[in-house]
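First up is the structure itself, then whatever we jot down about it.
We did not get these values from a lab; they are worked out from the coordinates using the rules stated. Every value quoted in this text rests on a predicted model; they were computed, and no experiment measured them. Glycine also receives a Cβ, built like all others from the backbone with ideal geometry; neighbour counts cover every protein chain displayed.
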Amino acid sequence: MPGYSLSKDEYTSRLRRIEGQVRGLQRLIDEDTYCIDVLTQISSVTKALQSVGMGLLDEHIRHCVQEAAAESEEAGNAKIDEATAAIARLLRS
């Protein structure tokens, strides 16, 4: 079971709002909106996605990593490596 299952409805709602923001970006482009205004909205969408990612990462560490660490040191270390790689991907994006 994923660590985020308790917050699944909240994540779904947030992603739907982000989806609406992306549709709004498409509309801004279609309407030839001033470039800086479009870039501001892109920044907003990016931050919203990063927020969702950080929430998922937090729950992953609190649920999946903690559970694996209780199982065995090897399993815990594998989940820590996995989380570290995910953090690196989030930082590169």
In whole Hz and in residue order, list the ³J(HN,Hα) couplings for region 81-91 that follow from phi through the Karplus curve 6.51 cos²θ - 1.76 cosθ + 1.60, θ = phi - 60°; x for Gly and Pro. 4, 4, 5, 4, 5, 5, 4, 4, 5, 5, 6
Ranked from fewest to most other Cβ atoms within 10 Å of their own Cβ, TYR11, TYR4, TYR34 fall in the order TYR34, TYR11, TYR4
Can you compute the charge dipole magnitude of the chain about its Cα centre, using +1 on each Lys and Arg Cβ and -1 on each Asp and Glu Cβ, nothing else charged? Give it in debye, rounded to the nearest 20. 300
Value of relative contact order over the chain, rounded to a whole percent, pairs C-alpha under 8 Å and six or more apart: 31
Of the listed values [x] 75; [y] 57; [z] 64, grab the one calculated as percent of Cα pairs over 18 Å apart from the structure here. [y]
Loop only per DSSP, at most 10 neighbouring Cβ atoms within 10 Å: give me the GluC sites (Glu not before Pro) in region 4-71, ordered by residue number. GLU31
